[in-house]
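These notes concern the structure reproduced below.
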Amino acid sequence: TPWDMFYTFEDVTKQNLSWFWNPWFFESHIPDLAIKDVKNENNKVSVLVENIGNLPVPIELTLTLEDGTQTKLATSTQIWQHGNKEVWLDVDVKSKVKTVELKNKNIPDADATNNLIRFENYE
């Protein structure tokens, strides 16, 4: 049964993974993350990511810098383990940020219209 698999994972990892199993297999949620806010101070960018769809999915952020290089930040689904709906992620950068984008090639986002911020709007 599915529970056999769930309990085996929990036994091996010595963790209660119900925060993951329940939303993915027993509740009606969707993968939908959004960039809610961006703050830029010195050489540090802080991005507030909101989990609108309430499904624990990994976060993959890409910051495109003024010189054309990209800085990527990825978190695991564990970031949602305690039931929080928002999380701040900090990224150190070496030059001015042009865009911040949430994009996961493996998990489609239900509403991609809130996944791209042009940084000029925050200066």
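The values are calculated or read from the model by the stated rules, or taken from the named source; none is laboratory data. Note that the structure is a prediction, hence the values are computed from the model and not measured. Cβ: placed from backbone, ideal geometry, glycine included. Neighbour counts: every protein chain shown. For the accessible areas, the whole protein counts, side chains as well, though only heavy atoms, and no ligand, DNA or RNA atoms are used. Shrake-Rupley method; radii C 1.70, N 1.55, O 1.52, S 1.80 Å.
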key: Residue-span extension gain [Thr64 to Gln81] - 0.36 nm each, minus C-alpha spacing   = 3.3 nm
request  = Calculate how steeply helix 2-13 sits against the longest principal axis of the alpha-carbon atoms of the chain, using the helix alpha-carbon long axis, and give the answer as 0 to 90 degrees to the nearest 10.
outcome  = 70
request  = Let me see the pair-distance distribution of segment 3-52: every alpha carbon pair, 5 Å bin width, integer percents in order.
outcome  = 5, 16, 16, 13, 12, 13, 11, 9, 4, 1, 0
ask   = Over the chain, what is the percentage of antiparallel beta bridges among all DSSP beta bridges, to the nearest 5?
value = 95
remark   = Whole-Hz Karplus couplings 3J(HN,Hα) for segment 80-93, θ = phi - 60° and coefficients 6.51, -1.76, 1.60, Gly and Pro as x, run 9, 4, 9, x, 5, 9, 9, 8, 8, 10, 10, 9, 7, 10
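Based on the Cβ-Cβ distance of Ile30 and Trp88, what FRET efficiency does E = 1/(1 + (r/R0)^6) give at R0 = 25 Å, to the nearest 0.05?
On the way: r = 23 Å, r/R0 = 0.91.
So the FRET efficiency works out to roughly 0.65.
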request  = Quickly work out the Thr99-to-Asn43 label distance, labels modelled 7 Å from Cα along the C-beta direction, and quote it in nm with one decimal.
outcome  = 2.5
query = Excluding ligands, DNA and RNA, what is the solvent-accessible area per residue of the chain at a probe of 1.4 Å, expressed in Å²?
reply = 63
task = For the chain, restrict the atom set to alpha-carbon positions and state the Rg and Dmax in Å.
result = 16.5, 53
ask   = Over segment 53-96, with a single point scatterer placed on each C-alpha, what log10 of the ratio I(q)/I(0) does the Debye formula yield at q = 0.20, 0.22 1/Å?
value = -0.69, -0.77
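Per DSSP H run of n ≥ 4, the term is -39500 (n - 2.57); total these for the chain, divide by its residue number, and report the mean residue ellipticity at 222 nm rounded to 500 deg cm²/dmol. Walk me through the numbers before you get to the answer.
On the way: 2 runs with 16 residues, N = 123.
Per the formula, -3500 deg cm²/dmol.
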